[in-house]
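Working notes, structure below.
The values are calculated or read from the model by the stated rules, or taken from the named source; none is laboratory data. Note that the coordinates shown come from a computational prediction; the quantities given were computed from them, not determined experimentally. Here the Cβ positions follow ideal geometry from the backbone for every residue, glycine too, while neighbour counts run over all protein chains shown.
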Amino acid sequence: MIKIGITGNLGSGKTTFSNFFKKDSYIFNADKEAKKHLKNHSVLQRKLINIFGKKVQEGTKIDFKKLGQIAFENPKNQKILNGIIWPEVSVLISDAINEAKKQKVKYFIVDAALLYEANFQHFFDYIILVTADKDKRLTRAVKRRNLDLSQIKMRMALQMSDKEKKDSSNFIVYNNKSKSELENQFNDLIKKII
């Protein structure tokens, strides 16, 4: 089984690229799995409410939209949130790897924007960075997110730059054109990995 980490900043197209791995693959979307885990984990929710206060709360539970706004307000809040969530996600990835081995899939894929920031690179045989021009990324992020432009820019500013990620990545995919062009790059890249 080949273990591949796919990363890229907000709006880069990393999830679209990850989804090209359909056949013989186990795809783990770190953001979705972290949110699902947090939704089902009252102790973690309580911990975050204790740290960030009632402003992230809706009734007795976490309001994810409010949590996102608070967490991406500044680097300190983001660091606190990540310090709580990343160790949990690390365990989830380990469990998913074991499950993927049982399923005897050819590829284990982790789609994670903060793969380097979380220091998850040790899990993978290869890391693919999906990148795009900032204007393209902004346009995509505005289209698909229920966030305003200022929040998107704030989140982008808190992410490690593509320049820093390029040096540590095995492959770099430039996603400034169409989805079909991105799929062509995927097909070329798979030949190199095999």
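Return the total of residues in the stretch 1-52 being at pLDDT 95 or above, among the aliphatic types (A, V, I, L, M) and part of a loop (DSSP other than H, G, I, E, B).
Total satisfying the criteria: 1.
If I go through the stretch 162-184 residue by residue, how many of them are touching a residue at least 60 places away in the same chain (Cβ under 8 Å) and either crowded, with 16+ Cβ neighbours inside 10 Å or of a type outside the set (D, E, K, R) (or both)?
Residues flagged as touching a residue at least 60 places away in the same chain (Cβ under 8 Å) and either crowded, with 16+ Cβ neighbours inside 10 Å or of a type outside the set (D, E, K, R) (or both) within the stretch 162-184 amount to 6.
Being closer than 22 Å to Lys153 by Cβ and either at pLDDT 95 or above or β-branched (Val, Ile, Thr) (or both): is that true of Val56 here?
So Val56 passes the test.
Can you give me the number of residues within the stretch 154-185 that are of a type outside the set (A, V, I, L, M, F, W, C) and over 17 Å from the mean Cα position of the chain (by Cα)?
Number satisfying all stated conditions: 13.
Given the condition under 19 Å from Ser18 (Cα atoms) and aliphatic (A, V, I, L, M), answer yes or no: does some residue in the stretch 77-90 qualify?
Within the stretch 77-90, one or more residues are under 19 Å from Ser18 (Cα atoms) and aliphatic (A, V, I, L, M).
Could you check, for the stretch 125-148, whether at least one of its residues is under 23 Å from Glu88 (Cα atoms), in a helix (DSSP H, G or I) and within 14 Å of the chain's Cα centre (by Cα)?
Looking through the stretch 125-148, none of the residues is under 23 Å from Glu88 (Cα atoms), in a helix (DSSP H, G or I) and within 14 Å of the chain's Cα centre (by Cα).
Asn74 fails exactly one of the following numbered conditions: (1) closer than 22 Å to Leu129 by Cβ; (2) more than 17 Å from the chain's Cα centre (by Cα). What is the number of that condition?
Of everything listed in (1) closer than 22 Å to Leu129 by Cβ; (2) more than 17 Å from the chain's Cα centre (by Cα), Asn74 misses just condition (1).
Out of Val89, Val110, Val105, which single residue is hydrophobic (A, V, I, L, M, F, W, C), within 24 Å of Lys163 (Cα to Cα) and at pLDDT 95 or above?
Only one candidate qualifies: Val110.
Ala100 - would you say it is small (Gly, Ala, Ser), touching a Phe, Trp or Tyr at 6+ places or on another chain (Cβ under 7 Å), closer than 30 Å to Asp188 by Cα and surrounded by 13 or more Cβ atoms within 10 Å (Cβ to Cβ)?
Judged against the criteria, Ala100 is a match.
Which one of Leu158, Leu149 is under 27 Å from Phe52 (Cβ atoms), free of Cβ contacts under 8 Å to residues at least 24 places away in the same chain and not charged (D, E, K, R)?
Leu149
Please go through the stretch 59-117 and pick out each residue that is in a strand (DSSP E or B) and without any contact (Cβ under 8 Å) to a residue 24 or more places away in the chain.
Result: Lys61, single match.
Only one of Asp135, Asp111, Asp148, Asp162 is more than 23 Å from His37 (Cβ to Cβ), in contact with a Gly (Cβ under 9 Å, 6 or more places away or on another chain) and among the acidic types (Asp, Glu); which?
Asp162
Out of Asp133, Asp111, I need the residue that is surrounded by fewer than 20 Cβ atoms within 10 Å (Cβ to Cβ) and either within 13 Å of Gly8 (Cα to Cα) or among the charged types (D, E, K, R) (or both). Which one?
After ruling out the rest, the residue left standing is Asp133.
Look through Ile4, Ile62 and report the one residue that is touching a Phe, Trp or Tyr at 6+ places or on another chain (Cβ under 6 Å) and either polar (S, T, N, Q) or surrounded by 16 or more Cβ atoms within 10 Å (Cβ to Cβ) (or both).
Answer to the check: Ile4.
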